[in-house]
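Comments concern the structure below.
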Amino acid sequence: MYTDSARLLVYALVTLLTLSPASTYKILSNQTLTRLPRPQTDFDIHNGRLLSPILRTRVPGSSGSKLVRNHFTQFISREVPTYNIELHKTVTNGTPVINFIAVRDPPGISKGNISRLTLVAHYDSRAEPAGFIGAIDSAAPVAMILHAIRSIDAALTRKWQSGPELGNPRGVQIIFTDAEEGFREGDDMLYGARALASEWEQSVYAPGSRYPNRIKAIELFVLLDLLGSKGPKIMSFFNATHGAYNNIAVLEKRLRELRQFKSKGDAWFVDAGPRKDVPVRYPIYDDQVPFEQREVDILHLIDMDPGTLAFPTVWHTLEDNGESLDLDVVEDWSVLLTAFVAEWLDLEGYMT
Ligand SMILES: *[C@@H]1O[C@H](CO)[C@@H](O)[C@H](O)[C@H]1NC(C)=O
Ligand SMILES: *[C@@H]1O[C@H](CO)[C@@H](O)[C@H](O)[C@H]1NC(C)=O
Ligand SMILES: *[C@@H]1O[C@H](CO)[C@@H](O)[C@H](O)[C@H]1NC(C)=O
């Protein structure tokens, strides 16, 4: 099933060009791929500056939840002050549900004329079992996203200083949703994502804007969930984003060939190649659902075995803690996500 890089790349390009005939997609050079910033000690689970503050309980409405949000705010003020932070607050059954959002738009363009690459993970943790940390679910994905946006930030500045965006101007936003897990066993889920999708549908832009509302201005909704275990398997769930899926699959393969991956083992993107060869994949009930219902393009990066449909073995157990993370895999994900975002935003030539 997994073909060589060159063939894969052709499929990725053909699909992408079919999707958006006006844009050209410039791949990252080998040189850029071998110089991508690495998290260094920031992912140390005990005292790393980025990941360790997230490895605690973060149940909606709790003090842990607030501490983690403060950590995001501090990280952004320190590392990417170019982003505007928004807190989207609602209340469910008396509990505050607070989505953490940060946005960077290109300068000099009206809000309604910018489409945004959107990187998403949930930051809340389950209330049960008591003491549940949720390292893959989704502390590590949140840290990967923060690493990726800081790693491309200077390049984005350089690109935007070099001249106005041609074609469709693009920005970047991150969404860390709250109350993805629901409040108790058997409860409904996705409170934060559902409230946000509904609100953004009603956030209408000025008349004459390219996009009618904030939902339609999402260029691609990249959802990371259950990442950080050894040997992940990632399926392609949506035809519309199979080109984007192949782009990241090609980057994984190239990074391995260039010895930029620390982890060993099989390729992660099990559906890489032409769409017609991919079995029908059913979307998983996760934060993308309220956005998918509003016709947003989704790339769902979630570790699930295509044969058994099993999530990683630590899923929803007390074992899902910092010690169980495969830190080589976590680092590889952070580098791969950085490459994907840099390539999507056309940053070749601006990264160093
Ligand atoms: C937004 O883009 C549209 C074209 O899609 C253009 O007609 C309009 O003038 C732009 N608005 C602003 C405020 O630049
Ligand atoms: C990029 O690296 C790959 C893998 O090492 C190699 O096969 C390819 O020739 C390189 N491309 C260039 C342009 O150097
Ligand atoms: C997805 O693409 C495949 C292959 O082109 C096609 O057989 C299938 O019907 C498509 N599915 C949907 C929902 O459009």
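The values are calculated or read from the model by the stated rules, or taken from the named source; none is laboratory data. Please read these numbers as outputs of a predicted model, since none were measured by experiment. Heads up, the Cβs are rebuilt from the backbone with ideal geometry, glycines too, and the neighbour counts pull from every protein chain shown. Accessible surface is based on the protein model in full, side chains and every heavy atom, while ligands, DNA and RNA are left aside. Shrake-Rupley method; radii C 1.70, N 1.55, O 1.52, S 1.80 Å.
State which residue is farthest from R35 (Cα to Cα) when the search covers only the range 130-183 and only residues that are in contact (Cβ under 8 Å) with a residue 60 or more places away in the chain, of a type outside the set (G, A, S) and assigned to a loop (DSSP other than H, G, I, E, B).
Looking at residues that are in contact (Cβ under 8 Å) with a residue 60 or more places away in the chain, of a type outside the set (G, A, S) and assigned to a loop (DSSP other than H, G, I, E, B), I get F183.
Can you tell me which condition K276 does not meet? The list is (1) in a helix (DSSP H, G or I); (2) modelled with pLDDT of 95 or more, and all the others hold.
(2)
So is R194 more than 26 Å from F340 (Cα to Cα), part of a helix (DSSP H, G or I) and not β-branched (V, I, T) or not?
yes
Could you check the range 25-66 and list, in sequence order, the residues that are of a type in the set (D, E, K, R), under 29 Å from G182 (Cα atoms) and in a helix (DSSP H, G or I)?
K66, the sole residue that qualifies.
Go through the range 197-217 and count every residue that is open to solvent by less than 30 Å² (accessible area, probe 1.4 Å) and in a strand (DSSP E or B).
1
Tally the residues that are open to solvent by 10 Å² or more (accessible area, probe 1.4 Å) and within 16 Å of ligand 3 (Cβ to nearest atom), restricting the search to the range 218-240.
4
Quickly run through the range 297-345 and pick out the residues that are among the charged types (D, E, K, R) and in contact with a strand residue (DSSP E or B) (Cβ under 9 Å, 6 or more places away or on another chain).
Across the range 297-345, the qualifying residues are D297, D303.
Can you name the residue in the range 67-98 that is part of a loop (DSSP other than H, G, I, E, B) and open to solvent by less than 50 Å² (accessible area, probe 1.4 Å) and is also farthest from D153 (Cα to Cα) among such residues?
Top of the filtered list is Y83.
Could you figure out which of (1) in contact with a Phe, Trp or Tyr (Cβ under 7 Å, 6 or more places away or on another chain); (2) within 20 Å of G134 (Cβ to Cβ) isn't true of A197?
A197 satisfies all of (1) in contact with a Phe, Trp or Tyr (Cβ under 7 Å, 6 or more places away or on another chain); (2) within 20 Å of G134 (Cβ to Cβ) except (2).
Against the definition (outside any loop (DSSP other than H, G, I, E, B), among the charged types (D, E, K, R), surrounded by fewer than 21 Cβ atoms within 10 Å (Cβ to Cβ) and in contact with a Lys or Arg (Cβ under 8 Å, 6 or more places away or on another chain)), how does D328 come out, yes or no?
yes
Condition check: at positive phi, surrounded by 18 or more Cβ atoms within 10 Å (Cβ to Cβ) and in contact (Cβ under 8 Å) with a residue 60 or more places away in the chain. Does G322 satisfy that?
Criteria not met by G322.
When you go through (1) open to solvent by 40 Å² or more (accessible area, probe 1.4 Å); (2) under 22 Å from Y350 (Cα atoms); (3) more than 16 Å from ligand 1 (Cβ to nearest atom) one by one for K159, which number turns out not to apply?
(1)
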